[in-house]
Amino acid sequence: AALAVARATLARARAGSRPEEIATAEAEWRAQAARRDLAERQAARWTRLLEARAATADEQDRANQEREASRAATEAAGARLKLTRAGTRVEDLWVAQAGVEQASEAVHAAEAALERRLVRAPSAGTVLWMRVRPGEFFAPGPMQAVAIVGDLSRLQVRVDVDELDVGRVRTGAQAIITADGLAEPLARGKVVEVAWKMGRKNVRSDEPTERVDTKIREVVVQLEPAASEAARAALVVGLRVRATLAAR
């Protein structure tokens, strides 16, 4: 808005006086010139009356003062007419142009400040989790993200394969993914990655009889699109599922 005002001020300065303003100044000058001529004639008349002893010196002095005042007013009206015709001074144009440049730089500074406050994802995806809510202040630190974004177009399942079955897992093996509470399989897929080292279990069932010291081999299963609407709705990030892998 400030930039628009500055541009309008510059445009008005460049345009100069309007024809109506010049016509008004000319009319005022002509009116004042007519009053000056009338004062000149009245002063001359009072001079002749004073010479004929038909008027006093005070009356002549007043006529002369009115004549001088009328002359000065006519000169002022002429100066205003000349100024109106001349338009805007060069210095005023410089000031208006500087105002536009200053307002433009303020806009650029505001845009840069807004740009610094925009949070952009490095790639397209779906926001899975937000650390802050709208209106809250966030100061990012090491390993702290304002949001977690994921690509849900390709879903994967990380499967813990017990150490007793690690020799039966191979890349490209078919897999069926199920979950508790759903009668039909969630999705099908195939093994795309098999870890080259053993590790600890990632998922625990919290059952008392479960062994926690068992080593596992992590397998990544690439899922195909879910067949049913219920299965697609149930496939959410972080869901615990079971994977049945085709053994070799």
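The values are calculated or read from the model by the stated rules, or taken from the named source; none is laboratory data. Small disclaimer: the values here were computed from a predicted structure and weren't measured. Heads up, the Cβs are rebuilt from the backbone with ideal geometry, glycines too, and the neighbour counts pull from every protein chain shown. Just so you know, the surface numbers come from the protein's heavy atoms only, side chains and all, with ligands and any DNA or RNA stripped out. Shrake-Rupley method; radii C 1.70, N 1.55, O 1.52, S 1.80 Å.
Residues whose amide H comes within less than 5 Å of that of Ala179, counting only those at least five positions distant or on another chain, are Leu186, Arg242 (H built at 1.01 Å from N in the peptide plane). Couplings 3J(HN,Hα) of region 59-68, computed from phi: 5, 5, 4, 4, 5, 5, 5, 5, 5, 5 Hz, in residue order, whole Hz [Karplus 6.51 cos²θ - 1.76 cosθ + 1.60, θ = phi - 60°; x for Gly and Pro]. In terms of accessible area, using a 1.4 Å probe and ignoring ligands and nucleic acids, Met143, Met198, Met130 rank largest first as Met143, Met130, Met198.
Legend: calculated FRET efficiency, Arg242 to Trp129, from the Cβ-Cβ distance at R0 = 35 Å, rounded to 0.05, equals 0.90. Computed over protein heavy atoms with a 1.4 Å probe, the carbon and sulfur contribution to the accessible area of region 1-140 reaches 56%. Quote the FRET efficiency, to the nearest 0.05, computed for Arg14 versus Ala34 with a Förster distance R0 of 51 Å and r equal to the Cβ-Cβ distance. The calculated FRET efficiency here is 0.90.
From the residues Ala231, Pro140, Ala43, which one has its Cα farthest along the dipole of the chain in the positive direction, the dipole being from +1 and -1 charges on Cβ of Lys/Arg and Asp/Glu about the Cα centre? The residue sitting most towards the positive pole is Ala231. Taking every Cα-Cα distance in the chain and sorting them into 5 Å bins starting at zero, the pair-distance distribution P(r) comes out as 1, 5, 7, 7, 7, 7, 6, 5, 4, 3, 3, 3, 4, 4, 4, 3, 3, 3, 3, 3, 3, 3, 2, 2, 2, 2, 1, 0, 0 percent.
Averaged per residue, the chain has 74 square angstrom of accessible surface, using a 1.4 angstrom probe with ligands and nucleic acids left out. Here the simple spin-label model places points 7 Å from the Cα toward Cβ, and for Asp92 and Ala195 these points are separated by 8.0 nm. Cross-link reach is defined here as a Cα-Cα straight distance under 24 Å, omitting same-chain residues fewer than 8 places apart; for Lys190 the lysines meeting it are Lys201, Lys215.
The amide H of Ala147, built 1.01 Å from its N in the peptide plane, has Arg131 as neighbours under 5 Å, considering only residues 5 or more places off or on other chains. Net length available on complete extension from Ala1 to Ala233 is 78.7 nm, with 0.36 nm assigned per residue and the Cα-Cα distance removed.
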